[in-house]
1. Distance in nm between label sites at Glu42 and Arg25, each 7 Å beyond Cα in the beta-carbon direction?
2. Check cross-link reach from Lys69 to the lysines: straight Cα distance under 23 Å, and skip same-chain residues fewer than eight apart.
3. Under a 5 Å amide H to amide H cut-off, with H placed in plane at 1.01 Å, what residues pair with Phe113 once short-range neighbours are removed?
4. Apply the Debye scattering formula to the stretch 33-129, with a single equal point scatterer on each alpha-carbon and no solvent, then give log10 I(q)/I(0) at q = 0.10, 0.23, 0.24 Å⁻¹.
5. List the aspartates and glutamates whose Cα sits under 16 Å from the Cα of Lys70, skipping any in the same chain fewer than 8 residues away.
Amino acid sequence: MVRVGGRPERAGRDDRGGSRELEARDEISRAPLVGDAIGHLERERGTFDVILNDIDKWQYPEVLPIARKKLRTGGLLITDNMLWSGRVLRKRGDRNARGVQELTRLLYRAPDFHTTLLPIRDGVTVSLKL
């Protein structure tokens, strides 16, 4: 067990049974956790297994072209707040609601993604890159 944020957490183990705590802490300390998420994602090298999209809702549609490039085949684009407290059902929503609506349209029309909406809390889409 290690302390993370004052509470005990289990430390991961590598294949040889050693702790991966130091490796994890190093990665977290270098992670771009604040700022321009889209820019950070564009600059990252390589591909990803999972991209979690939880940025400003009006920017949601901008993530899809980047996810196309950055997700490996079989990777997941997970997007939070896709029901946006019901505001996505309004014809004339604010710019955040319009961003969520547009990403929803794009994902369901995308031939390279298979998307499902999970009605968990405020809605989560899970999009499998084909």
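1. 3.5 nm
2. Lys57, Lys129
3. Residues meeting the criterion, in which the H sits 1.01 Å from N, are Leu130.
4. After summing over all Cα pairs, the log10 values are -0.24, -1.24, -1.33.
5. By straight Cα distance, Lys70 reaches Glu42, Glu44, Asp49, Glu62, Asp112.
Just so you know, all these numbers are worked out from the coordinates, no wet-lab data involved. Just so it is clear, the structure is predicted and the values come from calculations on it, not from any experiment. Cβ: placed from backbone, ideal geometry, glycine included. Neighbour counts: every protein chain shown.
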